[in-house]
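In what follows, a structure is listed as structure tokens, so that the remarks can point back to it.
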Amino acid sequence: MNKQDIGSIKQLLSSPKNIVIVPHKNPDGDAIGSTLGLYHYLLKGNHNTTVLTPNDYPNFLKWIPGENTILKHDSQTKECEALIHEADILFTLDFNAFHRTGNMESVLAQSDAIKIMIDHHQAPDDYATYMFSDVSMSSTCEMIYHFIEMLGDTNLIDVNIATCLYTGIMTDTGSFRFLSTTSTTHRIIADLIEKGANNTEIHNNVYDTNSYNRIQLLGCALNNLKVIPNSRAAYITLSQDELNSYNYTKGDTEGVVNYGLSLEGVVLAAIFIEDKQEGIIKISLRSKGNFSVNEMSRAHFSGGGHTNAAGGRSTLSLQETVDKFISILPQYNNALNHE
Ligand code: 5GP
Ligand code: MN
């Protein structure tokens, strides 16, 4: 995002506007943190601002300041679409292609609002009037901080904005340990704590509010963990029956894929989760070093994401999807064994 773009956006935001902010489907901590962080910032400019999510998000995010104002497109379709039609400005956060919003895709694509993309995923589509796209960024929340900084407004960051942005940086960096975590990330985190983000409380709210069922489901997932030593890979499966028997709710499988990656010597981890309602197997891929799960997912699993974290899906059965994964590994053995 160049100085000219920032100047134009500053001008645009200098008088109250109708603004809609949208994250990707199945929003995670970074998606909810960045949209609500921006929401609280825009309220200070007296804009009429609403966050619209394609669908619901996990309970462990249902404490973030402003969360109760979010409208969900799948259950509040009419209200959401009316707001999109009236919007002067549409911010799209933590994704870069409209299909990532599921059923919101066509209404967003048809909107004639000014579109501002803020995102850190690879290969952005070309829909935005103003595009702030940077794959080196740890999180969209870190980019929202930079965005506010470029607008010269870090003095406006209050406890609500700080709490939202801290949450997304924390969740997208695996609590500040992934490769994308830089000294700048830590400087921003330090500033957010100074502005009132309560790091212990945020960590507790997100990570220490497990249900008994969720931990039992984790036990089931760990029992299903398999290792393929030749490919330095590990994978976990969860069938719909297994999810049902532990009363699965949204978010219960978040982070489970990382247990595969925690095994010594493993550089590629996958989880395959059966979703009978959508008729798909939801896939999460994680890697260490330079091995790109983004490329693997784009090539084989209709998805994408980042070098070390990507998602995808398959319409094959759970067993067939696992078989496919195992069958494509040999072509990557060279790269996997040089990590
Ligand atoms: P997760 O495995 O947690 O669903 O996703 C890992 C990362 O990949 C997240 O940053 C997520 O936004 C991204 N991602 C997940 N699914 C897709 C997809 O279908 N396409 C793209 N481009 N990114 C995805
Ligand atoms: Mn993100």
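The values are calculated or read from the model by the stated rules, or taken from the named source; none is laboratory data. Here the structure is a predicted model, which means the values were calculated and not measured. Using ideal geometry, Cβ is built from the backbone for each residue, glycine included, and neighbour counts are taken over all protein chains shown. Quick note on the areas: whole protein, heavy atoms, side chains included, nothing else; ligands and nucleic acids left out. Shrake-Rupley method; radii C 1.70, N 1.55, O 1.52, S 1.80 Å.
Within the set Asn258, Asn247, the sole residue that is away from ligand 1 (no atom under 14 Å from the Cβ), open to solvent by 10 Å² or more (accessible area, probe 1.4 Å) and at pLDDT 95 or above turns out to be Asn247. Out of all the residues in the stretch 46-64, which are in a loop (DSSP other than H, G, I, E, B), at negative phi and open to solvent by 30 Å² or more (accessible area, probe 1.4 Å)? Result: Asp56, Lys62, Trp63. Only residues that are open to solvent by 20 Å² or more (accessible area, probe 1.4 Å), within 19 Å of Leu238 (Cβ to Cβ) and more than 19 Å from the chain's Cα centre (by Cα) were counted in the stretch 276-316, giving 7. For the stretch 193-213, the criterion of being open to solvent by less than 10 Å² (accessible area, probe 1.4 Å) and touching a residue at least 60 places away in the same chain (Cβ under 8 Å) is satisfied by at least one residue.
When restricted to residues that are more than 16 Å from ligand 1 (Cβ to nearest atom), open to solvent by 40 Å² or more (accessible area, probe 1.4 Å) and part of a helix (DSSP H, G or I), the stretch 72-105 contains 8. Can you say whether Met117 is within 11 Å of ligand 2 (Cβ to nearest atom) and either surrounded by 19 or more Cβ atoms within 10 Å (Cβ to Cβ) or of a type in the set (A, V, I, L, M) (or both), as far as the supplied structure shows? So Met117 fails the test. Val227 satisfies every condition listed in (1) part of a helix (DSSP H, G or I); (2) open to solvent by 40 Å² or more (accessible area, probe 1.4 Å) except (1). For the stretch 136-153, filtered to residues that are away from ligand 2 (no atom under 12 Å from the Cβ) and open to solvent by less than 40 Å² (accessible area, probe 1.4 Å), the residue that is nearest to Ile9 (Cα to Cα) is Leu151.
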